[in-house]
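The values are calculated or read from the model by the stated rules, or taken from the named source; none is laboratory data. All values derive from a computational prediction rather than experimental measurement. Neighbour counts are summed over all protein chains in view; Cβ atoms, including those assigned to glycine, are modelled from backbone coordinates with ideal geometry.
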Amino acid sequence: MWQLLHEIIPTADLLCRRGLMVKKECSLCECVDEAPMHLFVKCTFARAIWLGLGLSVSVDYYTGDTFREWLQYMFKCLEYEVDARRWMTTLGAGLWTIWLARNDIIFNGKPQQPLRSVIKARKMSEIMAAIVDTRNQNGSEKIEINVKWDCPPSRWIKLNTDGSSLGNPGAAGAGCLFRDGNGMFIMAIATPIAFSTAFLAEAIAMKIGLQAAKASNLANVLVETDCRMLYEVVTNLSSPLPASAKELIKEIRDLFSEGNFQVNWNYREANYGADALATFAAHTAETMTWDTTLDQENRLQNGWMLPKFSSVWNVTPPPFLGRWLNHDIMNVCKRRMTSR
């Protein structure tokens, strides 16, 4: 999996680019040139494996082009399952089994049957799951809890904020999502950040959200973050402030004092809407060419200053956000293992 994520696994497309004379077609289906995305996701043999392992629904709904993005998508999908750890293990076993089948054809000339590979992957997954201890290092027992996004009280607005950093530090993004007491969409903001740590991105997102709420005259705003460290430094005035974010945290505290704002912490499973916005912004930042002397300037947005390249949606949410808005308004629970 490490080789896949770094795009150095020796599939036919990589070997050809390096000047080696090898068969270009996929050895499992012989229909399409072999590349990681085809071999592990789109090949008919691979799709049969995912069907046999119970992962075909998550695979079928993916429409992207790169294996890295597909793997991130699968991780997010599997986090909703009752036994997320077991499904992650199954995913790894499936990938390894497909690679073994491919090599068995190339180097040993043995024809492959999807059913045998499914059985092999299941056995491998069971063995790996049996090895994993259900207790952490200090012996505390794990329990399963249900996590979901909750509507704010009547006449309140909920602001979910999140930050994302590709590399931590690296290209980053801040996401803010406003919804009313019925869970209905009000506004969303996605702000690309040239270079930041994950914590700083989280803090920037909260500052932008509070500024937007104040400028939009939104009263009674419940701010929700999944960053426990940010929650603690904002609410505990005696807690030491990280040097890199000292002034930023002071600005956030001042904003809280200027309106009827409350802050709450919740698990990341209850914050996927804001996470989607932050991730969108981070990937946007990654593809941009930044001029550090100009691109950090602010622009006027409905009477308040917003970082220059921010995207703002009013009334109608962006298409990629619809899934998470529906998830939350339907009270879909996500399972999470936590210490008792």
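The figures follow:
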read-out	value
Extreme residue, surrounded by the most Cβ atoms within 10 Å (Cβ to Cβ), among residues of region 1-31 that are of a type in the set (S, T, N, Q) and at pLDDT 90 or above	T11
Qualifying positions in region 1-22 - without any contact (Cβ under 8 Å) to a residue 24 or more places away in the chain and assigned to a loop (DSSP other than H, G, I, E, B)	H6, I8, P10, R18, G19, L20, M21, V22
Check on V82, in contact with a Lys or Arg (Cβ under 9 Å, 6 or more places away or on another chain), in a helix (DSSP H, G or I), at pLDDT below 90 and within 30 Å of K142 (Cα to Cα)	no
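Conditions (1) surrounded by fewer than 18 Cβ atoms within 10 Å (Cβ to Cβ); (2) aliphatic (A, V, I, L, M); (3) at pLDDT 90 or above; (4) in a helix (DSSP H, G or I), marked per residue:
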site: V59; (1), (2), (3), (4): no, yes, no, yes
site: M74; (1), (2), (3), (4): no, yes, no, yes
site: K123; (1), (2), (3), (4): yes, no, no, yes
site: A130; (1), (2), (3), (4): yes, yes, no, yes
